[in-house]
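Computed from the coordinates by the stated procedures, all read-outs in this text should not be read as laboratory data. Keep in mind that this is a model prediction, so the values were computed, not measured. Neighbour counts are summed over all protein chains in view; Cβ atoms, including those assigned to glycine, are modelled from backbone coordinates with ideal geometry.
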Amino acid sequence: MIRVPVIPASFFGIVLGLAGVGNGWRFAAKIWPVPTIIADVRFALALIAWLIVALLYVLKWIFARDAAMAELAHPVLCCFIGLSGASTLAFSFGVTALPAACLRLVTLGIAGPIAAMALPLFVIANVFIAVLTVPTLMLLFRGRLLPPPTPAIVAIAQRS
């Protein structure tokens, strides 16, 4: 039997931090003369981290469903599940920047395999964002995106 590490949903915060710094660096490069490759590397790291964390979190729901349900029912830990969507959105800005990074390298005279990667990366990035966005919006409009409020949250809302 395969033993999968049971990670909390708060690990999506790692992706959020990496993508946030990459996004900040990308905007800083528009103002100051700093290299944009650092932002591209941060976004690539955010993508790798997202893939690992998302895979481990899906495996948690498959192999350790009791732990996942306990996290969902917890009055504080359930709030971190929302980081999965926020981190996906944060690194998606970087995913759309990867084709532009390839094109920048081509304009600098670095052609070859990098130039061939620009168009496929652009298409993959936009398809990936569409695949994530459409089901998320459908769930949101149907009222099924967020779990029902826990009794503690209902009690707090009734007091105010």
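Among the residues making up the range 4-37, those that are outside any helix (DSSP H, G or I) and under 25 Å from A64 (Cβ atoms) are V4, P5, V6, I7, P8. Looking only at residues in the range 66-92 that are of a type in the set (V, I, T) and surrounded by 14 or more Cβ atoms within 10 Å (Cβ to Cβ), the one that is farthest from N23 (Cα to Cα) is I81. In the range 1-24, the qualifying residues are those that are without any contact (Cβ under 8 Å) to a residue 40 or more places away in the chain and more than 15 Å from the chain's Cα centre (by Cα), and the one that is surrounded by the fewest Cβ atoms within 10 Å (Cβ to Cβ) is M1.
Close Cβ contacts (under 8 Å, 6 or more residues apart or on different chains) running from residues in the range 25-42 that are more than 18 Å from A90 (Cβ to Cβ) to residues that are hydrophobic (A, V, I, L, M, F, W, C) and in a helix (DSSP H, G or I) comprise V34/W25; V34/A28; P35/A29; I37/A101. Quick one: would you say A54 is over 9 Å from the mean Cα position of the chain (by Cα) and either assigned to a helix (DSSP H, G or I) or more than 24 Å from V123 (Cα to Cα) (or both)? Answer is no for this residue.
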